[in-house]
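Scroll down for the structure; my scribbles are underneath it.
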Amino acid sequence: MVASSQPLAVESAVEMLRRGGNAIDAAVTATFVLNVVEPMSTGIGGDCFAIIYLAKEKRLIGINGTGRSPAAISVEALKGRGIEQMPVDGPLSVTVPGALDGLARCLKDYGTISLSEALAPAISYAQNGFRVTEVIARQWERASAKLKLNAESARVYLPDGRSPVAGQIFRNPDLEKTFRLISEQGTDVFYHGEIAETLASSVQELSGFMSSSDLAEHSSDLVNPLRSFYRDSYEVVQMPPNSQGLVALIALNVLSGYRLNDMFHGSPEYLHHLIEVIAQVLTEAQDNVGDPDDRLQIDQLFSQGHAQNLRKLIKANKAAPKQVAPIDGHHDTVFVAAVDEERNVVSMICSLYKSFGSGLTVPGTGLVLQNRGAGFTLAPNNRNTLRPRKRPYHTLMPAMILRDGEPWACLGVVGGMMQPQGQVQVISNLLDFQMDPQSALDAPRFRVLEDYTIALEEGLSDTAAKKLELLGHRIKQNTTEEEFGGGQVILIGGETLFGGSDKRKDGCAIGY
């Protein structure tokens, strides 16, 4: 079974499974197709993380496929240009694209097919075109103003001067050419060869700091995923920093002290407790998620003593004062869940960060560059203070749930700072309320926004909203469904797989 946010990507991955490929082959194939059909959300100009479970070895593996800041960039260099705040887009927000190396490493070490075979469906859709789906069309249109700021982005991604509408066929011959080069020459052409030179020079021409040596020095890391028990025999698995996966684990540790299943789902009591916990851990994230090369007190954060201390800050009848959370906004990301016949499992997530990333497209390549540098700060003595060759705070966080040590669910929820919030709500739906995957995804959500107002999705009652306001929460009305993320779940029930795909996206879950 495969689940993701676009049917063509899911179909391509399932076909790979039918041809004898494993879950790693399927997930990478789907991700490459998503580069073409969901270009605002992902691309090899961005980053990736993957959690892989190898069934024969009964082993969990984490791949950190995220890039670093350029060697020549620094706080002093930016302030010397009169810049006092880290740019959200443009050339100074560009970090080294790590996704291609991460995906290629997944294939080389754990897959059964070649990089060329994995790229073939994506090349076909880039050459022959695909019909743009409804949600993707809305996301594309929303990013039009950004695309118009860069001539190459406008040329490639705004044909006829506008974004494609739902049902329109879109082709990307520039990206097709790039994928064919990689298919023929491997990742070296991207990190050491022709593409690297073009990429670096295009950023430098816009007064950015990226160099060809920054690309040549990049490599993905093999890491041990983080694991934490929730509700008896279930273990939730996340990627360690610079992923924000630990945020969800800390939240679940705190929530384990409450009997959520005794609360009515969607009730004011239920919502208040989850909101308060998530608000606390978002503050924790600012202080504890950063470059993995920096010393992080992860063991202390996972301790029951720390969970108890956070729980003491939560009052059953009053919203606590809130600190300032990280700046947030619309983010477009893709997630793929894949399980094969042998029960290898892959949880894979990739992104350009904000929609169409930095807004810059490398001339002649169709490659949109990410804006992960926006995760840095120019303020001193911060976990994410900008420095050369540093990995930024990363919102991406693939997940699994183990039962008795083996995969029980593969899941992810996209949407920037909505990711830990959405995951906690979906995991609670699955484990506290025994919902099936589709019901767990369809259930209405809340979102703690950057100013700590609370967005409530349609389906949560007016009575709950009024009660939350009486407790001291500030409620935001009239939110769009995109603000509440989009998830995918595959639940492994013995010989049967149960899939769910978020109604807030265009995708599906397909199994056979």
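The values are calculated or read from the model by the stated rules, or taken from the named source; none is laboratory data. Given the structure is predicted, the values throughout are model-derived calculations rather than measurements. With ideal geometry, Cβ positions are generated from the backbone for all residues, glycine too; neighbour counts draw on all protein chains shown.
Of all the residues that make up the stretch 215-228, how many are over 30 Å from F190 (Cα atoms) and exposed (fewer than 14 other Cβ atoms within 10 Å of the Cβ)? Reasoning before the result, please.
Filtering the stretch 215-228 down to residues over 30 Å from F190 (Cα atoms) leaves 226-228.
Going one step further and asking which of them are exposed (fewer than 14 other Cβ atoms within 10 Å of the Cβ), we end up with none.
Summing the residues that are over 30 Å from F190 (Cα atoms) and exposed (fewer than 14 other Cβ atoms within 10 Å of the Cβ) in the stretch 215-228 gives 0.
Every condition in (1) in contact with a helix residue (DSSP H, G or I) (Cβ under 7 Å, 6 or more places away or on another chain); (2) surrounded by fewer than 24 Cβ atoms within 10 Å (Cβ to Cβ); (3) within 25 Å of D214 (Cα to Cα) is met by L17 except one, and the failing one is (3).
Once the stretch 20-35 is narrowed to residues that are within 17 Å of the chain's Cα centre (by Cα) and not hydroxyl-bearing (S, T, Y), the residue that is surrounded by the fewest Cβ atoms within 10 Å (Cβ to Cβ) is L34.
Of all residues in the stretch 88-142, those that are farther than 20 Å from A216 by Cα, assigned to a loop (DSSP other than H, G, I, E, B) and in contact with a strand residue (DSSP E or B) (Cβ under 8 Å, 6 or more places away or on another chain) total 4. Identify all residues within the stretch 421-474 that are out of contact with any helix residue (DSSP H, G or I) (no Cβ under 6 Å at 6 or more places or on another chain), within 14 Å of R504 (Cα to Cα), surrounded by fewer than 22 Cβ atoms within 10 Å (Cβ to Cβ) and not small (G, A, S); write none if there are none. Listed by number, the residues that qualify are Q438, D442, P444, E458.
Can you name the residue in the stretch 32-51 that is β-branched (V, I, T) and in contact with a helix residue (DSSP H, G or I) (Cβ under 6 Å, 6 or more places away or on another chain) and is also nearest to V334 (Cα to Cα) among such residues? Quick ask: steps written out before the conclusion?
Step one: of the stretch 32-51, the residues β-branched (V, I, T) are 33, 36-37, 42, 44, 51.
Narrowing further to those that are in contact with a helix residue (DSSP H, G or I) (Cβ under 6 Å, 6 or more places away or on another chain): 33, 36-37, 42, 44.
On the way: V33: 11, V36: 12, V37: 11, T42: 6, I44: 12 Å.
If we take residues in the stretch 32-51 being β-branched (V, I, T) and in contact with a helix residue (DSSP H, G or I) (Cβ under 6 Å, 6 or more places away or on another chain), then T42 is nearest to V334 (Cα to Cα).
Examine the stretch 333-343 for a residue that is assigned to a loop (DSSP other than H, G, I, E, B), modelled with pLDDT of 90 or more and on the phi > 0 side of the Ramachandran plot, and state whether such a residue exists. Yes; the residues of the stretch 333-343 include at least one that is assigned to a loop (DSSP other than H, G, I, E, B), modelled with pLDDT of 90 or more and on the phi > 0 side of the Ramachandran plot.
Determine if the stretch 345-359 includes at least one residue that is part of a loop (DSSP other than H, G, I, E, B), modelled with pLDDT of 95 or more, buried (at least 18 other Cβ atoms within 10 Å of the Cβ) and among the aliphatic types (A, V, I, L, M). So far as the stretch 345-359 goes, no, none of its residues is part of a loop (DSSP other than H, G, I, E, B), modelled with pLDDT of 95 or more, buried (at least 18 other Cβ atoms within 10 Å of the Cβ) and among the aliphatic types (A, V, I, L, M).
Hey, among K466, K503, which residue is more than 26 Å from the chain's Cα centre (by Cα), among the charged types (D, E, K, R) and on the phi < 0 side of the Ramachandran plot?
Working: K503 fails: more than 26 Å from the chain's Cα centre (by Cα).
Going through K466, K503 in turn, just one is more than 26 Å from the chain's Cα centre (by Cα), among the charged types (D, E, K, R) and on the phi < 0 side of the Ramachandran plot: K466.
Can you give me the number of residues within the stretch 448-463 that are assigned to a loop (DSSP other than H, G, I, E, B) and either on the phi > 0 side of the Ramachandran plot or among the hydroxyl-bearing types (S, T, Y) (or both)? Residues meeting the conditions: 4.
Each row is one residue, and each column tells you yes or no for (1) closer than 30 Å to L497 by Cα; (2) in contact (Cβ under 8 Å) with a residue 40 or more places away in the chain; (3) in the same structural domain as Y270 (by TED's automatic domain parsing).
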| site | (1), (2), (3) |
| --- | --- |
| P407 | yes, yes, yes |
| C410 | yes, yes, yes |
| G415 | yes, yes, yes |
| M418 | yes, yes, yes |
| R447 | yes, no, yes |
| L460 | yes, yes, yes |
| T463 | no, yes, yes |
| I475 | no, no, yes |
| G485 | yes, yes, yes |
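Per the listing L491, L468, the residue uniquely among the hydrophobic types (A, V, I, L, M, F, W, C), assigned by TED's automatic domain parsing to the domain that holds Y270 and under 18 Å from H265 (Cα atoms) is L468. Go through (1) buried (at least 17 other Cβ atoms within 10 Å of the Cβ); (2) at pLDDT 95 or above and name the single condition T395 misses. That leaves (2) as the condition not met. On the given criteria, is A279 in a helix (DSSP H, G or I), touching a Lys or Arg at 6+ places or on another chain (Cβ under 6 Å), assigned by TED's automatic domain parsing to the domain that holds I492 and crowded, with 18+ Cβ neighbours inside 10 Å? For A279, the condition - in a helix (DSSP H, G or I), touching a Lys or Arg at 6+ places or on another chain (Cβ under 6 Å), assigned by TED's automatic domain parsing to the domain that holds I492 and crowded, with 18+ Cβ neighbours inside 10 Å - is met.
In contact with a Leu (Cβ under 8 Å, 6 or more places away or on another chain) and either more than 29 Å from G186 (Cα to Cα) or free of Cβ contacts under 8 Å to residues at least 24 places away in the same chain (or both): does that describe S74? The answer is yes for S74. Go through the residues of the stretch 488-499 one by one and say whether even a single one is within 25 Å of Q280 (Cα to Cα) and either free of Cβ contacts under 8 Å to residues at least 40 places away in the same chain or part of a loop (DSSP other than H, G, I, E, B) (or both). So far as the stretch 488-499 goes, no, none of its residues is within 25 Å of Q280 (Cα to Cα) and either free of Cβ contacts under 8 Å to residues at least 40 places away in the same chain or part of a loop (DSSP other than H, G, I, E, B) (or both). Restricted to helices (runs of 4 or more DSSP H) entirely inside the stretch 159-210, those with at least 2 residues that are among the acidic types (D, E) are 173-185, 194-205. Answer yes or no as to whether K146 is under 16 Å from G46 (Cβ atoms) and either at pLDDT 95 or above or assigned to a helix (DSSP H, G or I) (or both). Taking the combined requirement at face value, the residue satisfies it.
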